[in-house]
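Heads up: the structure comes next, in structure tokens.
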């Protein structure tokens, strides 16, 4: 029962579990699940709400073997659920392989990222869960179940699962050949050039403090064999030194910039694996909007620019391609994700967050499941086209509510 997190990474959630477990084998995990009335798995704790909390047993899978099994014939890799993306990436690159995209942090676990629909950026890149070809999980009765794309539409309901269908032990991901990337940072992008910026490179992020009409920083992650952006690219100026997304913070923990070529896993994230990205003294929220509604959604928030800026550290804008996963924030539609890293002051942030949600309501916002949001259940149900299907799957696979949490009960009541 040692070495199991008692709080999430940011420290804003203290887990209320009655006991903490770190099994060293899948058989031990199966016995734990079968004998528990309430149980949840915890990964690296990068969720900012109580999705991963439970009043029952909290189980950490970091004690299971950290396996990485490459199948070159199928073009996949099967990995231990608790493995961090950064550790997986290092091992894949050594094999001449890669995953198509990574999130901004390489510190997050594979299973936790997949279960919450976590993503990177790029007009042509889907979220991380879309690369899942198969899952192995322990179900409510302690059985070991393997599901794959061969299971058809039902599988699409089990990938972004919020941890509600069982404890995932292994994940099989599509892989591609390794590739090199250069990263360039630009200053002061006019807001009306944002679409052109997103289309300009493999992965693009815009950072804004909401204190001016322009996008403060644009991080362009382009394939290394493409020419660098011209000096007057989209009316911006070149960053002459490495930067951190949050103004004033030391860029030492950020991935290399200034066009220095490097392997995919050392450029696609914003932060380096060997460094803590920040102190963790923050709250995060994120909303996914239809890509076609991007201009209208940003204009709606422009009317509360000063209120956002007063409680904000930084906001990031990213694009994600559509997928077919039922609870993915990108299911059935290309998306713009508007991310907020707030100050660590819920009393100051929550009223602003409520106004953000109100202003975005007409654009059918879908929340990132692992962030802070206050949308009501009818709004969430209406935004996710396969909501009813997932609710039925949840009732079928976990009829006793073994994997449920307060947050799941709020949005998927029995």
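FYI, it's all coordinate maths here, none of it is from the lab. Quick caveat, the model's predicted, so the values are computed rather than measured. For neighbour counting, all protein chains shown are included, and Cβ atoms are generated from backbone atoms with ideal geometry for every residue, glycine included.
Worth pointing out:
- Max mean-square fluctuation residue, GNM over the chain, Cα-Cα springs under 10 Å, options 136, 73, 28: 73
- Counting neighbouring Cβ atoms within 10 Å and putting the fewest first, the residues 368, 21, 187 line up as 187, 21, 368.
- Between the Cα long axis of helix 387-397 and the first principal axis of the chain there is an angle of about 30°, rounded to the nearest 10.
- A simple spin-label model places the labels of residue 74 and residue 241 5.0 nm from each other, with each point 7 Å out along Cα-to-Cβ.
- Ranked for footprinting exposure by Cβ neighbours inside 10 Å, fewest first, 109, 148 give 148, 109.
- Taking 199, 321, 131 as the candidate residues, the one with maximal mean-square fluctuation in a Gaussian network model of the chain, Cα springs under 10 Å, is 199.
- Gain on full stretching of the segment that runs from residue 141 to residue 6 - 0.36 nm per residue minus C-alpha separation: 46.0 nm
- Alpha-carbon spread of region 180-377, three principal axes, descending order, Å: 46, 35, 31
- Relative contact order of the chain, defined on C-alpha pairs under 8 angstrom at six or more residues apart (%): 18
- Note on residue 388 and residue 306: the model spin-label points, each 7 Å out from Cα along the C-beta direction, lie 4.6 nm apart.
- Using bins of 20 Å that start at zero, the share of Cα-Cα pairs per bin across the chain amounts to 28, 60, 12, 0, in whole %.
- Look at 320, 314 and count the other Cβ atoms within 10 Å of each Cβ; fewest to most, that gives 314, 320.
- GNM on the chain, alpha-carbon springs under 10 angstrom: the most fluctuating residue among 117, 86, 296 is 296.
- From its DSSP helices (H runs of at least four residues, each -39,500 (n - 2.57)), the chain gives a residue-normalised ellipticity at 222 nm of -6000 deg cm²/dmol.
- Isotropically averaged projected area of region 138-284, using the convex hull of Cα atoms (one quarter of hull area), nm²: 12.5
- As computed over region 77-131, the Cα convex hull volume per residue (Å³): 76
- Two-site FRET efficiency, residue 409 against residue 149, from Cβ-Cβ distance with R₀ of 35 Å, rounded to 0.05: 0.70
- Along principal axes, Cα extents of region 68-177, largest first, whole Å: 39, 28, 25
- Relative to the longest principal axis of the Cα atoms of the chain, the long axis of helix 26-35 lies at roughly 70 degrees.
- Helix 346-360 axis, angle to the chain major axis (alpha carbon atoms, nearest 10°): 80
- Subtracting the Cα-Cα distance of residue 16 and residue 195 from 0.36 nm times their residue separation leaves 60.1 nm of extension gain.
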